[in-house]
1. May I ask you to derive the FRET efficiency for residue 160 and residue 132 from their Cβ-Cβ distance with R0 = 35 Å, giving the value to the nearest 0.05?
2. Scan around residue 52 for amide H atoms under 5 Å from its own, H built in the peptide plane at 1.01 Å from N, and keep only partners 5 or more places away or cross-chain.
3. To the nearest 20 debye, what is the magnitude of the charge dipole of segment 38-136 about its Cα centre, counting +1 on the Cβ of each Lys and Arg and -1 on the Cβ of each Asp and Glu?
4. At 0.36 nm per residue, and after removing the present C-alpha to C-alpha distance, how many nm does the segment from residue 169 to residue 91 gain when stretched out fully?
5. Enumerate the calculated ³J(HN,Hα) couplings along segment 108-121 in order (Karplus 6.51 cos²θ - 1.76 cosθ + 1.60, θ = phi - 60°), each rounded to whole Hz, writing x wherever the residue is Gly or Pro.
6. Amide H of residue 105: which non-local residues (sequence gap of 5 or more, or other chain) have their own amide H closer than 5 Å, using H built in the peptide plane?
7. Please state the charge dipole magnitude for segment 41-95, taken about the Cα centre, from unit charges on C-beta atoms (+1 on K and R, -1 on D and E), reported in debye and rounded to the nearest 20.
8. Relative to the Cα centre, what is the charge dipole magnitude of segment 91-175, using +1 at the beta carbon of each Lys and Arg, -1 at the beta carbon of each Asp and Glu, and rounding to the nearest 20 debye?
Amino acid sequence: KKTGTKKKKRNRKKNKKKKAPAVVIPEALKQPSRAIGPGGRLVLYEHAQLRLYHTTRTVIRLGLYDGDTVVAVKRTPLHPDEDEREKDLREKDLFKKLRHDNIAKYYDYVVEGDASRGFLLYLALEPCVVLSPGGQAQSCTLRRWAASPAPRGRRAPAAKLAVARGMCEGLRYLHDDA
């Protein structure tokens, strides 16, 4: 058991050393924007090029947290039933405690709305994006990676293995350490 504990500590130290590359948003794309939540700590950029994902229920856009941290802001409706809404917010609190390189970092949340219009949950998360030369934000998800053309027509086995290993490390953390 002692060697397992040492290994977990070593993995945690290794995970703390890695840093995600900073995302820099061009000034022209920062308008229009709107501040949400108490004190306006979360700014949501409304520009269409900064939208990462959109369905009828969920929208993910880039935003700014605490004035200097670029975040992915996920907006999703909360359940109209108060008990279900509380359950959703408890799950959000669990997510707040997770710390691993292969799991998006959680920053903060805001709930907007009321019982008559409905409630919206805004989650500020670590972005996994790249900006194209034209300024279009593109999500760096596994789905996008798999669908993008590979160099020389095929993904190298080592690249596939690295992605699979990262997914397994994140899952192991969720099951064993979280």
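Every number in this text was worked out from the coordinates using simple rules, so none of it is lab data. Fair warning: this is a prediction, and the values are worked out from it, not measured in the lab. Ideal geometry is used to build each Cβ from the backbone, glycine not excepted, and the neighbour counts take in all protein chains shown.
1. Computed FRET efficiency for residue 160 and residue 132: 0.90.
2. 60, 61, 62
3. Its charge dipole is roughly 300 debye.
4. 25.9 nm
5. Calculated HN-Hα couplings, in order: 6, 9, 9, 10, 10, x, 8, 4, 7, 8, x, 9, 10, 9 Hz.
6. Distant-sequence amide H within range of residue 105: 126.
7. Roughly 340 debye for segment 41-95.
8. That gives segment 91-175 a dipole magnitude of about 640 debye.
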